[in-house]
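Working notes for the structure below.
The values are calculated or read from the model by the stated rules, or taken from the named source; none is laboratory data. Given the structure is predicted, the values throughout are model-derived calculations rather than measurements. All Cβ positions, glycine included, derive from the backbone under ideal geometry; neighbour counts span all protein chains shown.
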């Protein structure tokens, strides 16, 4: 059910933004050098792991709100990305 939800969400988003391609987030996608930015539209409980995967691959990230499910995860992502 989750993969169906993600696929429908991505399809809807890609159509509304006139994007030519949309993908399910995988480590291979995050590592793809032809991808500059990744939009994360997964359920909130996956935002932390998905964002960290993308940041570790050096990608720019646009994540839907709520960005993370708690302040601790948000602080960890900011520190991970910026070194603050």
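Condition check: over 14 Å from residue 81 (Cβ atoms) and either in a loop (DSSP other than H, G, I, E, B) or modelled with pLDDT of 90 or more (or both). Does residue 52 satisfy that?
Details: over 14 Å from residue 81 (Cβ atoms): no; either in a loop (DSSP other than H, G, I, E, B) or modelled with pLDDT of 90 or more (or both): yes.
So residue 52 fails the test.
If you scan region 55-77, which residues turn out to be part of a helix (DSSP H, G or I) and under 26 Å from residue 28 (Cβ atoms)?
Across region 55-77, the qualifying residues are 55, 56, 73, 76, 77.
Specify which of the listed residues (7, 12) is exposed (fewer than 14 other Cβ atoms within 10 Å of the Cβ), modelled with pLDDT under 80, assigned to a helix (DSSP H, G or I) and under 15 Å from the mean Cα position of the chain (by Cα). Show your work before the answer.
Working: 12 fails: under 15 Å from the mean Cα position of the chain (by Cα).
One residue alone meets the criteria, 7.
Among the residues of region 51-66, write down those that are without any contact (Cβ under 8 Å) to a residue 12 or more places away in the chain and under 8 Å from the mean Cα position of the chain (by Cα).
none
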